[in-house]
Every structure is written in C-alpha cells, then in structure tokens.
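Scroll down for the structure; my scribbles are underneath it.
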Amino acid sequence: MTMLADRPLPEITPLTEPFWAAARERRLVMQRCDDCKAYRFPPEVGCYACSSMNSAWEPVSGRATLYTWTAAYPPLLPYFAERAPWPIAVVQLDEGPRLTTNIVDVPYEEYVFGMALQADFQQLDDEVALVVFRRAD
Amino acid sequence: MSDGNALIRDKTAIAGIGTTEYVRDIGRTEQETSLEVIHEALADAGLAATDVDAIFKVETPGEASISELAVARNLGLPNLRAWGGTDYGGGAACGPIVHAVMAIATGMASVAVAFRARNRGSGTRPWSKTGARVGSNMAFESPYGLVGPVQQLALVARRYMHEFGVTSEQFAQVSVTQRAHAARNPRAFFRDPITVEDVLASRMIADPLHLLDCSLETDGACAIIITSAERARDLKQMPVFISGASQGMGPRHYMMNGLMYKDDPFDMPPAYAAKDVYACAGMGPGDIDVAQFYDVFSPMVLWQLEAYGFCKPGEAGPFVEEGRIDWPAGELPVNTHGGSLSEAYVHGFNHVLEGVRQLRGTSTCQVENAEVALVAAAAVVPTSALILRR
C-alpha cells in the first residue's frame, strides 16, 4: 500500500461515513432519496429533486463512462505539482450520478468521451480509500 | 419577478465611481485601498462621507472580507442603516449593487457604497490554503487533484467543446479581442496586442485552457456610489440609472464544480439572472448597446453571450470568431476596458465601472451613442446582473 500523506484527504462526517466505509471494503454505494429515488451525490441532508430528508445507501454497479476531463499544470498543490501534468476525470455512473475521479490505467492521450470504465479503489490510509476508475474489460 | 419591477426599474442610479491603479503589488492593505476608492467615488459624485448610510460588499468562500464596521468607523459615518455581504466571489460582481438598489428603492437607506478591494497579485491564491482534510462537496473533489477554479472550469469547457463543436481558437479569440480593447486603455495591466496563435502557444494551465485564456492576478480596488434617481439628478455627474438588477442561482448548485453534478451542466446561473434582469428593466437583448461580462477564463464570455440571449446555446464560438463582440465594428462590443483578461482582476467590479463609463461617454473604447449597458457577473457560480441606462 502506498501512503500519500501530503495529498488532501476527505473530511469524513456522519453524513458521508457510509460512502467511505463502503469504499474501505471496496464497494461503491450511493445515497438515494427514499421518496423520489433520486441519487444524491455528493451526499446531502435534503433532496434536490423533492425536498425529502429521507434517504438510504444503496450499492451501485461501478460501471461508468468518461464524461469530461482535464490535465492540471502548475501552479498546483505540492503533491500534484510534483506529478504534473495531473489528469482529472469526471465519470458518469450507469445509474446517473457523476463523480470526480482519477483514471488509473489509461494514458491521458487515450481519453475519449464515453469510454467505458469500472470503479476500483485506492487505499490511502486506514481510513480513506479513494474511488478511482480503470478501463472496463 | 413581477411586482418588484415597478419598485426598482430606474428608481436608483450610480452617482460616483472610484478605482485604484491596477498593479501586481499595490503596497497597501485592502482596507486602505477600500477607503481610498470610496473617498474617490464620493468626490466623483459630489457627496460627503457623512452622506453614506449603507455599505454592501463582496464575500468569497475561504477568504476574510473587510467588515462594514471597519469601513464605517474609518469613514466617520454617523450611522449605518443597511449593510451586508454578497457571497460567491465573481458571482457577486453586481450583487452588492443589487442589494444597494433594494435598500434605496425601498427607502431604507439614501446613499450606498458598494466596493471590492482585492490584493490577488501580491496575495495568496485561495486554493493554496487547502488543508490536509477537505469538507463539503470538495471532500469528493480535492483528493483527486481538483482544487483550483481553472481546473474546475476546464472540465466544463471540455464538455462544452464536445457537445457544441466549439474550438480552442474560439476561446482564444475572446482574449485577443479584449486585449485589443485594453490596448487603448491606460489603466489596463496588459496592453500589447496578441493573436490567437499567441494564446494557443502560451503554456497549458488546465487542458484545454492556456495561460492567456486565464484572468490576470492583480491588486486593486473599486467603489460605486448608489443613490435615488431623484437625488442623482442633482449631483455632480450625469446619472447612470439602474433599470434592471437581479441575482440568480438556479437549481442544485455548488460552487464552480457544481455544474458537473447537474443533469445538464449548461443549465447555468446566468440564464436565471438574465430572465429577471430583462424583466426588471422591461428590455431584451436587442436593447443592449454594450456588455461587460465576467471573464475570469475566456469560455465564460461565451456562456454569458448565450445565457443573456445574444445567440443560441452552442453558437457563441462562431459569434466571437466573426468579430461580433469587437469594438468598434461588432454589433455587441464586450469588455471594452479589456476585462479581467487584460485590464485587471477586481472580481468584476471594474466591469461595472466600465459600464458606467460607456454611458457617461468616457470609455477608451466608446460605443457611439451607447444608451444601455449590460453588466453580468460570473457564469458558473451563483450570479448577478445589472442593466444600466443613461
């Protein structure tokens, strides 16, 4: 396991703990409205679509397509500056929600819109596993 | 908006403006420059500091702002009847003025100051203070390296290019046009002409955005004095009436990366501010003679051209490429001072000043017989807009 101590890490709150707890177990879960079934990502107390405050966490497939991307050049935070250009991706899950992420096994030059991806997990420390994506088989 | 229009339309006016020089390091605190520009704007209007009874300012997430307490004390104000900060940085380029209009049109206050002072040339970039732990929606973004506004905007820009066939050359043309405007403006930080090739050859900052697609980082401050239309008519300057004033957020918004979470990322806040500002003024895009659009990155100008109804979604690229935002030949000269890309980065307050100059007839790229100016704040954050007329 690679320890990446100088990378900004998520603050884990009672609201977001189920997401990060599942990621530690290499599972991707999404908060979903109990009333209108809209997914809430990032997690929220109330529903943007129906105002409900009821929700549950549900597993999702982890299948996604590439929605957009960039490569970041300095000036950047030291961790990313040392590794620049640093690719950043936004992917759309088959279930609908979009996530900011990194694609771990595709050279930047080969990124294409709609490219099929599959969720994977990058354990950074005992508490944090980031959800990353790799090319779908 | 419906009932509010009669209360607001043309009931208030901008009576005075003030600005510092725009430089990399101004050598004074933001509190000092704030007071300087407020005194200058009051002198421009022919008012005394003791006439001021309202102060409205800009807030930016992650940054401390100058308190109204400090401004009121240091101006020697006998009383303050209305005050408040408007959040979301570049989205608040017009917001404090919108609040001033509300306070004055309703009779709660009589003379309001709206100001912005920011040392972004000599000071730190807000994102550079990112901590070891990051909360809110950014907990799901910063760990992946999505930390700064330029990267957030680059993600939207790339998707925009994909969906509408817009090109990097068309983004670059915005910078080129505005630099040509800045060349005539002695206040502008950058005045040397550039070409599309220069923009594309400048170093990459966040693919597809190059250095010359990005705003300046300068120190500076601007202040604006707002009073009733009636009182403004008796003051030193020709009044610039505020015909329309609006704010808009739209649904399910976060800060800059929020667009990525929406079903349609191009369902942007300015479309909401546009509808209301036109309704408030009783005008449409065809009434606008000149526009000042918030331009922290070049694609933002394209999105505002679409949101404010000057062209259809996806058509702003060709619109810009055809020279239609150029002064003097274009049908809608945009950012005639050079904007954030060439004049200065003062969170869009310098754009309001340029709107006022166009109607006073004192711009360095003066649109002939300009009667109505649109000023709009940032496209990808909760925003604000003004329609000014002489």
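Points to keep in mind about this one:
- Conditions (1) in contact with a helix residue (DSSP H, G or I) (Cβ under 9 Å, 6 or more places away or on another chain); (2) farther than 30 Å from A:Thr70 by Cα: number failed by B:Glu230: (1)
- Across region B:275-306, the number of residues qualifying as under 15 Å from the mean Cα position of the chain (by Cα), small (Gly, Ala, Ser) and farther than 11 Å from B:Leu332 by Cβ comes to 1.
- So B:Glu21, is it within 19 Å of the chain's Cα centre (by Cα) and open to solvent by 70 Å² or more (accessible area, probe 1.4 Å): yes
- Annotation: B:Ala274 fulfils all but one of (1) surrounded by 22 or more Cβ atoms within 10 Å (Cβ to Cβ); (2) out of contact with any Asp or Glu (no Cβ under 8 Å at 6 or more places or on another chain); (3) over 13 Å from B:Val375 (Cβ atoms); the unmet one is (3).
- Members of region B:209-239 found to be closer than 30 Å to B:Met161 by Cα and surrounded by 18 or more Cβ atoms within 10 Å (Cβ to Cβ), listed by number: B:Leu209, B:His210, B:Leu212, B:Asp213, B:Cys214, B:Ser215, B:Leu216, B:Thr218
- Residue match in region B:151-174 (condition: under 17 Å from the mean Cα position of the chain (by Cα), within 14 Å of chain A (Cβ to nearest Cβ) and crowded, with 18+ Cβ neighbours inside 10 Å): yes
- Scanning region B:295-340 for residues that are of a type in the set (A, V, I, L, M), in a helix (DSSP H, G or I) and open to solvent by less than 10 Å² (accessible area, probe 1.4 Å) gives B:Met300, B:Val301, B:Leu302, B:Leu305, B:Ala316, B:Val320.
- Residue selected from region A:90-104 under the condition more than 8 Å from every other protein chain (Cβ to nearest Cβ) and of a type in the set (A, V, I, L, M), by the criterion nearest to A:Trp57 (Cα to Cα): A:Leu93
- Qualifying positions in region A:1-26 - open to solvent by 20 Å² or more (accessible area, probe 1.4 Å) and at pLDDT below 95: A:Met1, A:Thr2, A:Met3, A:Leu4, A:Ala5, A:Asp6
- Per-region count, region B:240-260, residues open to solvent by 40 Å² or more (accessible area, probe 1.4 Å) and not in a loop (DSSP other than H, G, I, E, B): 1
- Residue that is farthest from A:Val131 (Cα to Cα), among those in region A:10-51 that are aromatic (Phe, Trp, Tyr) and part of a loop (DSSP other than H, G, I, E, B): A:Tyr48
The values are calculated or read from the model by the stated rules, or taken from the named source; none is laboratory data. Please read all numbers here as calculations on a predicted model, not as lab measurements. A quick note on method: Cβ atoms are made from the backbone with ideal geometry, for glycine too, and the neighbour counts reach across all protein chains shown. Protein only, heavy atoms only, side chains kept; ligands, DNA and RNA dropped before computing areas. Shrake-Rupley method; radii C 1.70, N 1.55, O 1.52, S 1.80 Å.
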